[in-house]
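Below is one structure; the comments refer to it alone.
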């Protein structure tokens, strides 16, 4: 957008204000535009090590994650980074440190979730019955204004 504004004759400061960028960035973009045309402004891939999992492997991992940890052989229904790292190693033979697994999960659209802690023995019907029948009797009442006078 900034490139189009500069090409349309807008000044560097005005363009910077319109696209909410610094003047130095707009100046850099203008220089790149003059040297290499609009192709010079295209997004470039980020440097860094490429993922060791292919797109197909990531899709397969996502399916495994959706089926849940119990389906993957774990005792509880809670995914942890260590568990996901273990699944990746078992399924694809690629070893990741649990701390690096987070980058893969974020790429797959997963976010950290904390499970709701509730007792397995919890009886929702009994709780609702108690709320309806006994709660009013044990609930604190607001103090009366003015209090008692002697």
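Read the figures in this text as sums done on the coordinates, not as results from a lab. Predicted model only: the values in this text are computed from it and were never measured. Counting neighbours? That spans all protein chains shown, and the Cβs are built from the backbone with ideal geometry, glycine included.
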Classify the chain: rounded, prolate or oblate, from the alpha-carbon gyration tensor (a ≥ b ≥ c, eigenvalue square roots; a/c under 1.5 rounded; otherwise prolate if a/b is larger than b/c)? oblate
Between the Cα axis of helix 81-92 and the main Cα principal axis of the chain, the angle (0 to 90°, nearest 10) is 60 degrees
How would you rank 97, 46, going from fewest to most other Cβ atoms within 10 Å of each one's own Cβ? 46, 97
Helix 124-133: inclination vs the chain longest Cα principal axis, degrees, rounded to 10, gives 60 degrees
How many nm is it between the label spots at residue 138 and residue 22, if each spot is 7 Å from the Cα in line with the beta carbon? 6.1 nm
Distance between modelled label sites at residue 44 and residue 75, nm, 7 Å Cα→Cβ extension: 5.2 nm
